[in-house]
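What follows is a single structure, written as structure tokens, with notes after it.
The values are calculated or read from the model by the stated rules, or taken from the named source; none is laboratory data. Because the structure is predicted, anything quoted here is derived from the model rather than measured. Positions of Cβ are backbone-derived with ideal geometry, glycine not excepted, and every protein chain shown enters the neighbour counts.
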Amino acid sequence: MKIHLYTIGFTKKTAEQFFELLLKNGVTRLVDVRLNNSSQLAGFAKGSDLQYFLRAIGKMDYVYIEDFTPTKELLDDYKNKRIDWNEYHKIYNNLLIQRNIIEKYNIEDFDCSCFLCSEDQPEHCHRSLLVEFFKSINKDVIIIHLI
């Protein structure tokens with residue numbers, strides 16, 4: 001059975017673009033993987049508001065999973081150019097292993113889920129690393145980036 005995992009970033013998108021992408025692709029749950037999901041700067045994507053909007057607009061579930069977030073130190077090291085993307089990738093994957101992601105979560109349960117972060121493009125965002133990690137464990141994973 002194929003497992004469809006989506007990713008999305010909210011920056012550089014209007015609320016209409018964001019929610020239409022989720023609806024058009026049949027997303028049933030948004031999994032928030034941001035380190036800080038309550039920032040006032042997040043606008044419509046602030047965690048508590050997002051939960052309401054998802055339910056009201058598309059009857060979608062919302063869940064915040066801290067196990068999938070990078071650490072503040074890792075994010076700061078990358079943003080401040082103390083480490084490059086390859087090093088970030090390696091450290092983040094090790095973090096997922098240390099957090100026992102494989103044992104704690106059943107990948108099949110995330111079918112039709114969309115992993116949310118703030119970056120508009122997936123190339124240098126941990127949401128991509130997370131779904132690639134899942135795909136390395138289960139070859140039935142199909143990754144779709146909503147941009």
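Key figures for this structure:
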| quantity | calculated |
| --- | --- |
| Filter pass, Y64 being surrounded by 17 or more Cβ atoms within 10 Å (Cβ to Cβ) and either touching a strand residue (DSSP E or B) at 6+ places or on another chain (Cβ under 8 Å) or polar (S, T, N, Q) (or both) | yes |
| Scan of region 56-74 for residues that are part of a helix (DSSP H, G or I) and either within 14 Å of the chain's Cα centre (by Cα) or modelled with pLDDT under 95 (or both), ordered by number | E66, D67, F68 |
| Region 122-139 - residue that is among the hydrophobic types (A, V, I, L, M, F, W, C) and in contact (Cβ under 8 Å) with a residue 60 or more places away in the chain and, of those, farthest from K12 (Cα to Cα) | F134 |
| Hits in region 80-137 (condition: loosely packed, with under 14 Cβ neighbours inside 10 Å and either touching a Lys or Arg at 6+ places or on another chain (Cβ under 8 Å) or not in a helix (DSSP H, G or I) (or both)) | N80, K81, R82, D84, N100, N106, D120, Q121, E123, H124 |
| Among (1) farther than 23 Å from F10 by Cβ; (2) touching a residue at least 12 places away in the same chain (Cβ under 8 Å), the one test that T69 misses | (1) |
| Any chance Y6 is farther than 17 Å from V131 by Cα, among the hydroxyl-bearing types (S, T, Y) and modelled with pLDDT of 95 or more | no |
| Selection count where residues are in contact (Cβ under 8 Å) with a residue 60 or more places away in the chain and touching a Leu at 6+ places or on another chain (Cβ under 8 Å), scope region 28-41 | 5 |
| Qualifying position, being in contact with a Gly (Cβ under 7 Å, 6 or more places away or on another chain), over 20 Å from M1 (Cβ atoms) and of a type in the set (S, T, Y), among S118, S128 | S118 |
| Meets criteria (under 15 Å from the mean Cα position of the chain (by Cα), free of Cβ contacts under 8 Å to residues at least 24 places away in the same chain and on the phi < 0 side of the Ramachandran plot) for E87 | no |
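Residues checked against (1) assigned to a loop (DSSP other than H, G, I, E, B); (2) touching a Ser or Thr at 6+ places or on another chain (Cβ under 9 Å); (3) aliphatic (A, V, I, L, M); (4) surrounded by 12 or more Cβ atoms within 10 Å (Cβ to Cβ):
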residue	(1), (2), (3), (4)
V31	no, yes, yes, yes
D49	no, no, no, yes
L54	no, no, yes, yes
D76	no, no, no, yes
